[in-house]
Amino acid sequence: MTKKGQITIPVELRRKFGIEEGDKVEVVEEESGIVVRKLPSIFDLAGSGAGKGDVEEIKRMLDGMREKDV
């Protein structure tokens with residue numbers, strides 16, 4: 001731990017969990033201690049919602065939001 005509170009994640013764990021320079025991580029407190037988790041990037045999420053929505057339903061929702069803005 002540095003003076004600034006920075007830590008180093010060992011290379012074995014970075015490789016295992018696919019953490020690379022520039023990736024975002026979150027640090028959360030749990031009952032057992034502190035947990036560091038890699039946050040998904042927009043590329044990790046691409047396609048994750050496929051097949052979960054009806055195009056017409058989404059259009060209706062957007063139209064409703066637009067009406068509220070006017």
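The values are calculated or read from the model by the stated rules, or taken from the named source; none is laboratory data. These figures come from a predicted structure and were not determined experimentally. Glycine gets a Cβ as well: all are built from the backbone with ideal geometry, and neighbour counts include every protein chain shown.
So for the stretch 54-68 (the condition being touching an Asp or Glu at 6+ places or on another chain (Cβ under 8 Å), surrounded by 10 or more Cβ atoms within 10 Å (Cβ to Cβ) and either at pLDDT 90 or above or assigned to a helix (DSSP H, G or I) (or both)), does at least one residue qualify?
Within the stretch 54-68, not a single residue is touching an Asp or Glu at 6+ places or on another chain (Cβ under 8 Å), surrounded by 10 or more Cβ atoms within 10 Å (Cβ to Cβ) and either at pLDDT 90 or above or assigned to a helix (DSSP H, G or I) (or both).
In the stretch 20-53, the residue that is modelled with the lowest pLDDT out of those that are assigned to a loop (DSSP other than H, G, I, E, B) and within 13 Å of the chain's Cα centre (by Cα) is SER48.
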